[in-house]
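Working notes, structure below.
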Amino acid sequence: MAQLLEEAGLSLGLAESLTGGLVASRLVNVAGSSRWFRGSVVAYSPEVKFDVLGVRPGPVVSEEAALQMAEGARRLLGADVGLSVTGVAGPTEMDGQPPGTVFVALALPGRETEVLGVRLPGDRDRVRQFSAISSLDLLRRRLLERAAVT
């Protein structure tokens, strides 16, 4: 994925909630990530989503919140690509959503921002790890599609 971003000349900005920085941590483990990774906003509190990322007040575990988080990260961090993840790691529900509910959004240039909703199995740690993996997998797949077209 790092190579795909670099070859396309794209920079990435993140907005993370339930993952608490796990996605950013995985990215900065890659040597040279400073060439394409702009940063991450860990918006664990709903107020940070509203006040910093510009998410409209309402449920924060939703497709709409994920979409606004991705676009907010892109704008706030001056990135070409915005990626976000929000959801419920557990052990209790939030916004009427059960643990394991996760929404990932991706804002790519020239495309409408897309949101992927998933239900992930496992305890709190597994849901958080699977959320990080799912978000990076969505980005990887879309970058591969983009590379195949150009």
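The values are calculated or read from the model by the stated rules, or taken from the named source; none is laboratory data. Note that the structure is predicted; figures quoted are calculated from it, not measured. For neighbour counting, all protein chains shown are included, and Cβ atoms are generated from backbone atoms with ideal geometry for every residue, glycine included. Protein only, heavy atoms only, side chains kept; ligands, DNA and RNA dropped before computing areas. Shrake-Rupley method; radii C 1.70, N 1.55, O 1.52, S 1.80 Å.
Entry remark, the range 116-148: residues being within 11 Å of the chain's Cα centre (by Cα), among the aliphatic types (A, V, I, L, M) and surrounded by fewer than 18 Cβ atoms within 10 Å (Cβ to Cβ) number 2 in total. Tally up the residues in the range 103-150 that are outside any helix (DSSP H, G or I) and not hydrophobic (A, V, I, L, M, F, W, C), please. The number of residues fulfilling the criteria is 12. Checking each residue in the range 23-43 for being loosely packed, with under 14 Cβ neighbours inside 10 Å and not aliphatic (A, V, I, L, M) picks out Ser25, Asn29, Gly32, Ser34, Arg35. Restricted to helices (runs of 4 or more DSSP H) entirely inside the range 21-91, those with at least 1 residues that are of a type in the set (Ser, Thr, Tyr) and out of contact with any Asp or Glu (no Cβ under 9 Å at 6 or more places or on another chain) are 22-28.
Among the residues of the range 53-63, those identified as over 13 Å from the mean Cα position of the chain (by Cα) and open to solvent by 70 Å² or more (accessible area, probe 1.4 Å) are Arg56, Pro57, Pro59. The residue pairs whose first member lies in the range 46-68 and is over 25 Å from Arg119 (Cβ atoms) and without any contact (Cβ under 8 Å) to a residue 12 or more places away in the chain, whose second member is open to solvent by 20 Å² or more (accessible area, probe 1.4 Å) and outside any helix (DSSP H, G or I), and whose beta carbons are closer than 7 Å, counting only pairs six or more residues apart or on different chains, are Phe50/Pro57. Which ones in the range 1-52 are more than 15 Å from the chain's Cα centre (by Cα) and on the phi > 0 side of the Ramachandran plot? Answer for the range 1-52, where residues must be more than 15 Å from the chain's Cα centre (by Cα) and on the phi > 0 side of the Ramachandran plot: Gly9, Gly32.
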